[in-house]
Amino acid sequence: MTDTNIRFIQGNEVCVEAALYAGLDFFAGYPITPSSEIAEYMSSRLPALGGKFLQMEDEISSICAIIGASLTGHKVMTATSGPGFSLMQEAMGFAVMAEIPCVIVDVQRGGPSTGLPTHGSQGDIYQAKWGTHGDHAIIALTASTHQDLFRMTVEGFNLAETYRTPVILLFDEMSGHMREKVELPKSGEVQVVQRLRTSLPEGVDYHPYLPREDGRLPMSDFGGRHRYNVTGLYHDMWGFPTSDPKIIHGLIHHLVDKIENSVHQITHSKEYFLEDATCILVSYGSTARSALHIVKNRRNRGEKLGLLELQTLWPFPAQLVREKCAQAVSIVVVEMNMGQVVQEVKKAVDRPERVFLANRVDGEFITPTDIKNMLRLIQGRGV
Amino acid sequence: MSFRNYIRERFFPHLWCPGCGHGIVLNNMLRAVEELGLAKNELVMVSGIGCSSRISGYVDFHSLHTLHGRALAFAAGVKMSQPNLNVIVPMGDGDALAIGGNHFIHACRRNMDITAVIMNNRIYGMTGGQFSPLTGTGLKATTAPLETIDQTFDVVHMAIASGASYVARTTSYHFQEITKYLKQAINHKGFSAVEILSPCPTHFGRRNKLGGAVDMLEHLRDNTAQIGSKALEENPERIGRGVFVHKDTPEYCSEYERLIQAAHKG
């Protein structure tokens, strides 16, 4: 047998392999379908690597534990699904406010409430953006193939470190449980971003929340040579609570701007046949697979269909969508919810009356035939 | 001792009311740290939300001021990821045992080497005097204008039943015991829970006509007694002070290290 990195595994296991590739060495989680395999694989992989696995008493404590571990200098992640993702929202806001890198996987299932535990959905797109209270910016990524799921998981860790923020990986039950071929990259093949740490020596005042000229905040590990305060309250450059309006104004703008002003660098997407497309499908996650199928099928028949697959959902790449869809007669957003990304696409493009939704919300995976039937309706060709 | 070595003077004056018992806890906690000779760089204080939780900002350690009720969960991540660090978690009664009750019992059960300090003033002070699970019945609070009818529970019993391997109780009046028990708790390898009854004259005392700060401290003196003492035997209605549990139970981080070694061999 030759030495090969080709595997045939579940999306949840791909996520684990990618997280380890990115340098994760601390995971805390709580069992929930359809994400439990991530915790299971982590518990079997981490001890041999010297990493730490913690099964906590709930999802709240899971995300709190990874935030604590991130502060001591580790790359951390937790994984959950809808109900657990709801429980994590408050602590996610803490990580936003205190600017602590961490990765949160939401393997989406049908909601609201307990919903459809064993069926897929893409219903958490807006929760990822606005689930925690208060103004803030967030990064959320997704992927449609296992190869991309690997890449986006590594990218999630990279962006968490670069922007000192929680990053949400919005996968879904379909990709989480589907087995597919994936080639695990060799060490060095995919870029891995390491944490930016302060070079200030002991005895020199370290200001944990004083940005450098480039806007970045070098970190210092808890247990290291600099002692400082971390809080979820509005804080000054020392990390100490303040209610000074000037400082509050500056901090909220910093938290939002560091991400919203970097949309271009954070955006990942894929394009298929967009050059001359008169009808553009916009999709993401596992539904993009069905969308791509129908696009290729129609191209073979000479129809000018194209696909814009979004891999970065937040910050929403509005400019990219506007530019790519400028010439299209119709834009059809394919997603498995009651219409979430379609709202963002309507906001992004000129003449939003061109934008239609092709969705499925009954727990069954949206098929190419479903999309084909909806295209016939949209194009006025009946059913 | 010189407290200046251990506090962040920049962040003073503190926000506690005159007569609050929490300053006594801070004072004697710092004495414990000094007497143990702990390095400040190896000390992490993790707290939640409430009057007591602000203690973490005032000390010159690594300090993490988190969410209401979740301090022990953050602390688990800190300790597990860096077991060489000493982790102290000051909490209020509402913080530790209402919103944080589930984390508290599981932290006791897991037996990770963390020192939990429950500063029990029987009231939600920061939000203005609502009753807590430790208030007890027949008292007044802003959310119990007639009287409280909620039964209380015993923090010590709760910690013991949940598996904590070191459990002690004292009061802000018995300040020397604070230092003594905190030293034992920090040195103990396993989860320690130390309950410190601490007066809140502003919100608990005033509304219940318990007098001023001195009266409330004297109340703690007169209504508690060392466990095993004649005073407690003769007055069983008094609250027991002392060390209730001090035992060896496998510590979580050490047990995990054993798994790592086994995985390497496997």
State the antiparallel share, in %, of DSSP beta bridges confined to region A:270-378, rounding to the nearest 5. 15 percent
Calculate the mean, over all residues of peptide A:54-61, of how many other protein chain Cβ atoms lie within 10 angstrom of the residue's Cβ. 6
Amide H within-cut-off set for A:A358, under 5 Å, with H built and near neighbours excluded: A:V333, A:V334, A:E335
Using a 10 Å cut-off around each Cβ, can you sort A:W314, A:W130 from fewest to most neighbouring Cβ atoms? A:W130, A:W314
Neighbour-count ranking for A:I259, A:I100, B:I196 (other C-beta within 10 angstrom, fewest to most) reads A:I259, A:I100, B:I196
Counting partner chain Cβ atoms within 10 Å of every residue's Cβ in A:21-27, what's the average? 1
Quick one: which of B:170-178, B:211-219 comes out on top by average Cβ neighbours within 10 Å, and what's the full order, highest first? B:170-178, B:211-219
Estimated vicinal HN-Hα couplings, Hz - region B:117-134 in sequence order (Karplus 6.51, -1.76, 1.60; Gly, Pro = x): 10, 9, 8, 9, 10, 6, 7, 8, x, 4, 8, x, x, 7, 6, 10, x, 9
With angles folded into 0 to 90 degrees, how steeply does helix B:252-265 sit against the dominant principal axis of chain B? Use alpha carbons for both and round to 10. 20 degrees
Using only the alpha-carbon atoms, how far is helix A:11-21 inclined from the longest principal axis of chain A? Give it as 0 to 90 degrees, nearest 10. 40 degrees
Filter on A:K75/A:K258; A:K129/A:K372; A:K181/A:K296; A:K129/A:K246; A:K304/A:K372; B:K40/B:K79 - keep pairs with C-alpha separation over 19 Å: A:K75/A:K258; A:K129/A:K372; A:K181/A:K296; A:K129/A:K246
Listing B:H65, A:H249 by rising number of other beta-carbon atoms within 10 angstrom, fewest first, gives A:H249, B:H65
Per residue of B:250-257, other chain Cβ atoms within 10 Å number on average 1
I want the antiparallel fraction of DSSP beta bridges within the protein assembly as shown, as a percent rounded to 5. 25 percent
Could you sort the peptides B:159-166, A:328-335, A:102-109 by per-residue average Cβ neighbour count (10 Å cutoff), highest mean leading? A:102-109, A:328-335, B:159-166
Go through B:87-100, A:76-89, B:227-240 and give me the packing order, highest mean Cβ count within 10 Å leading. B:87-100, A:76-89, B:227-240
For region A:216-293 versus region B:37-99, the gap between their alpha-carbon centres in whole angstrom: 27 Å
For A:Q311, other-chain or 5+-apart residues with amide H closer than 5 Å (H placed, Pro excluded) are A:H268, A:S269, A:K270
Within the set A:G120, A:G339, A:G29, GNM on chain A using Cα springs under 10 Å gives the largest fluctuation to A:G339
Specify the angular offset, from 0 to 90 degrees and rounded to the nearest 10, of the alpha carbon long axis of helix A:36-49 from the longest principal axis of the alpha carbons in chain A. 50 degrees
Which cross-chain or sequence-distant (5 or more) residues have an amide H under 5 Å from the amide H of A:V105, H modelled 1.01 Å from N in plane? A:T78, A:A79, A:T80, A:L169
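Throughout, read-outs are computed from the coordinates displayed, never taken from laboratory work. Values in this document were obtained by computation on a predicted structure and should not be read as measured data. So basically every Cβ, Gly included, is an ideal-geometry build from the backbone, and we count neighbours across all protein chains shown.
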